[in-house]
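Before any comments, here is the structure.
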């Protein structure tokens, strides 16, 4: 039985420390019909030499030089040159389990178009991993196992990049890498959801994320927290905001103030509430912050929760459970 071609898109920038073992993990896949489209993004270390050597050794590896600058132009270049029926991603400092491509292709092929296949991920590091990374890994894997990733999409990126695979046609229909929004993986996540793709899980570890000091998510300003909020607000306005329903913002901390300021600048009426006694009754940006009990005065509202405090979710859930069902129509967790 012939194997369909899988295209692996991989932007590469100054990755000499981990690039060799990364590509070796691809070469060692037990699924053999793949092409690796590696795009060198103006590296100044030994990345170019490493890529060139692998390209000479394996005809499935194709190396390109980024004509633009940054990961999005690199992904566009790789995707435009891809020939496979299936598309997946790879980061130049990560590792694949040996059965990753085969497992994903098999489930996706059996499921058909309109599906996004996701596997479990694990962080690896030569130093001690912070609790934040471990919590994100556990949270994301739990979502995947339940296949309810889309339900938490406003909290953080719910598709583990690059541990996904889909039909090339479905990626193209979702806009692929045409968007210029960063973080590009989170933006793609929203567009995949909006295109109606259904999640299909693979309940085993398929991808190893490598954490290190020079990782893009640590050093690139495109991954600053305010850009996450800008991205969330962009997609909320585009896909989920209903101006015929009352809009409520819960939270008056840093995130809440950022979102409130956005609403004010865009002349969007909203009710601002808080469970923080130090915020209730205060005038912020010309808006009076109300207590949570004020929710009983509204019906069929859209509620954005923007509270970053640890352990607050149970309190929020308890407060919402006491309200009549007609009060809140949709809840969006921006934290």
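The values are calculated or read from the model by the stated rules, or taken from the named source; none is laboratory data. Note that this is a predicted model, so its numbers are computed, not measured. Quick reminder, even Gly has a Cβ in these numbers, built from the backbone with ideal geometry, and neighbours come from all protein chains shown.
Just a few scattered comments:
- Residue ID - surrounded by the fewest Cβ atoms within 10 Å (Cβ to Cβ), chosen from residues in the stretch 28-46 that are free of Cβ contacts under 8 Å to residues at least 40 places away in the same chain and over 26 Å from the mean Cα position of the chain (by Cα): 44
Each row is one residue, and each column tells you yes or no for (1) at pLDDT 95 or above; (2) more than 24 Å from residue 77 (Cα to Cα).
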{"site": "185", "(1), (2)": "yes, no"}
{"site": "189", "(1), (2)": "yes, no"}
{"site": "192", "(1), (2)": "yes, no"}
{"site": "195", "(1), (2)": "yes, no"}
{"site": "199", "(1), (2)": "yes, yes"}
{"site": "208", "(1), (2)": "yes, yes"}
{"site": "215", "(1), (2)": "no, no"}
{"site": "223", "(1), (2)": "no, no"}
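- Of all residues in the stretch 143-168, those that are at positive phi and touching a residue at least 12 places away in the same chain (Cβ under 8 Å) have Cβ atoms under 9 Å from Cβ atoms of residues that are buried (at least 23 other Cβ atoms within 10 Å of the Cβ) and outside any helix (DSSP H, G or I), 6 or more apart or on another chain, in 147/118.
- Checked against (1) surrounded by fewer than 18 Cβ atoms within 10 Å (Cβ to Cβ); (2) closer than 20 Å to residue 207 by Cβ; (3) in contact with a helix residue (DSSP H, G or I) (Cβ under 7 Å, 6 or more places away or on another chain), residue 95 passes all but condition (1).
- Inspection of the stretch 4-19 identifies at least one residue that is on the phi > 0 side of the Ramachandran plot and either assigned to a loop (DSSP other than H, G, I, E, B) or free of Cβ contacts under 8 Å to residues at least 40 places away in the same chain (or both).
- If you check 272, 250 for being closer than 22 Å to residue 151 by Cβ, touching a strand residue (DSSP E or B) at 6+ places or on another chain (Cβ under 9 Å), surrounded by 19 or more Cβ atoms within 10 Å (Cβ to Cβ) and outside the structural domain of residue 190 (by TED's automatic domain parsing), only one passes: 250.
- Check on residue 125, more than 23 Å from residue 31 (Cα to Cα), touching a helix residue (DSSP H, G or I) at 6+ places or on another chain (Cβ under 9 Å) and in the same structural domain as residue 165 (by TED's automatic domain parsing): yes
- Residue match in the stretch 55-71 (condition: closer than 21 Å to residue 207 by Cβ and either in a helix (DSSP H, G or I) or free of Cβ contacts under 8 Å to residues at least 24 places away in the same chain (or both)): yes
- Test: residue in the stretch 304-311 that is free of Cβ contacts under 8 Å to residues at least 40 places away in the same chain and within 25 Å of residue 135 (Cα to Cα): yes
Residues are listed down the side, and each one gets a yes or a no for (1) more than 11 Å from the chain's Cα centre (by Cα); (2) assigned to a helix (DSSP H, G or I):
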residue: 117; (1), (2): yes, no
residue: 120; (1), (2): yes, no
residue: 140; (1), (2): no, yes
residue: 151; (1), (2): yes, yes
residue: 159; (1), (2): no, no
residue: 165; (1), (2): yes, no
residue: 172; (1), (2): yes, yes
residue: 181; (1), (2): yes, no
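- Selection status of residue 60, under 24 Å from residue 109 (Cα atoms) and assigned by TED's automatic domain parsing to the domain that holds residue 188: yes
- Count of the stretch 20-36 residues which are assigned to a loop (DSSP other than H, G, I, E, B) and in contact with a helix residue (DSSP H, G or I) (Cβ under 7 Å, 6 or more places away or on another chain): 3
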